[in-house]
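The structure under discussion appears below in the form of structure tokens.
The values are calculated or read from the model by the stated rules, or taken from the named source; none is laboratory data. Being a predicted model, the structure only gives us computed values, none of them experimental. Counting neighbours? That spans all protein chains shown, and the Cβs are built from the backbone with ideal geometry, glycine included. Note: areas computed on protein heavy atoms with side chains; ligands, DNA, RNA excluded. Shrake-Rupley method; radii C 1.70, N 1.55, O 1.52, S 1.80 Å.
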Amino acid sequence: MSSLKPLKPVSDNKKKITTHVLQEMKRKGEKISMLTAYDYSTARILDESGIDVILVGDSASNVMAGHETTLPITLNEMIYHASGVIRAINNCLVVVDLPFGTYQGNSKTALESAIRIMKESGAHAVKLEGGREIRESIDRILSAGIPVMGHLGLTPQSIYKFGTYTVRAKEDEEARRLIEDAQLLEETGCFAIVLEKIPAKLAGEVSKSVNIPTIGIGAGNETDGQVLVVHDMLGINKDFSPRFLRRYADLYNTISDATKAYVKDVKSKDFPNQDECY
Ligand code: KIV
């Protein structure tokens, strides 16, 4: 065995983040920090470093499984990722994406999918992509007492409808529809909304037009919070460089340099040395 069984980290008595705390943060003008995570070890670092929300995003399909889109990831796989994250955290709120095909077009299926995520992973909330077209699904999930985060703008599960990952809602008609959808998500009872890749001005307008927090990715600085995919912000994906991404580390090179050094030490018989043997 390479390491001891991980134990639930000891609580540091910091305030637990709930959906209500997030709404309070919006009222006070305190920005919300959100990052994705898909495993125990990463989630533990993020939680202990003070992140407000962890999103177990279906971007796991891309960064964990290597698929081109988010469409192939399954409900069972999302539950597997979310369970590890939940075992790691003490303070942050954990939101899990309902994957493609588990909520669209059938609100009963949507509720069953959301219940499986909550029951089997211990997550605190679910996220669904879309506006008016999934209202019935959101309604039904909320009626079971499950908090829902919305997601508007670029919704990657609809990539084959959009055709590209470029900025959404640049035209007036789409922008107007997006504002209406945001208001509808608030009315329906969503506790927050992700706004992905829309003009900063529009994201600011949306954020002012609803009382629930907005969390932006590629949506400027006027949203109530920000989210990034953890692999992108840590610089693990060296080939992904959209304009909105700020890299906070260069883990691709850190891991690559460490691997090269390890390979060299093994080949040269430098590792393990006397002190590293029993
Ligand atoms: O799946 C994901 O990582 C997301 C974020 C980009 C918001 O939905």
Cut-off under 28 Å on the C-alpha distance; same-chain residues fewer than 8 positions from Lys201 excluded. Which lysines are left, in chain and number order?
Lys26, Lys28, Lys31, Lys127, Lys161, Lys170
Rolling a 1.4 Å sphere over the protein heavy atoms, what is the accessible area per residue of the chain, to the nearest Å²?
53 Å²
Per the helix-only calculation at 222 nm, which mean residue ellipticity applies to the chain, given -39500 (n - 2.57) for every DSSP H run of n ≥ 4 and division by its residues, nearest 500 deg cm²/dmol?
-12000 deg cm²/dmol
Beta bridges per DSSP with both ends in the chain, % antiparallel, nearest 5:
5 percent
Students often forget the sequence filter, so: which lysines lie under 30 Å Cα-Cα from Lys264 once same-chain residues fewer than 8 apart are removed?
Lys5, Lys238
Sort Asp39, Asp250, Asp239 by heavy-atom solvent-accessible area, probe 1.4 angstrom, most to least.
Asp239, Asp250, Asp39
For the chain, projected area of the alpha-carbon convex hull averaged over all directions, nm²
16.6 nm²
Whole-angstrom gap from segment 67-129 to segment 11-60, using each part's C-alpha centre
16 Å
In the chain, what percent of the accessible surface is made up of carbon and sulfur (1.4 Å probe, ligands and nucleic acids excluded)?
53 percent
Mean separation of Cα contacts under 8 Å (at least 6 apart) over the residue count of segment 135-226, i.e. the relative contact order in percent, is 27 percent
Can you list which of the trypsin sites (Lys or Arg not before Pro) found in segment 79-180 are DSSP loop residues with at most 16 other C-beta atoms within 10 Å?
Lys170
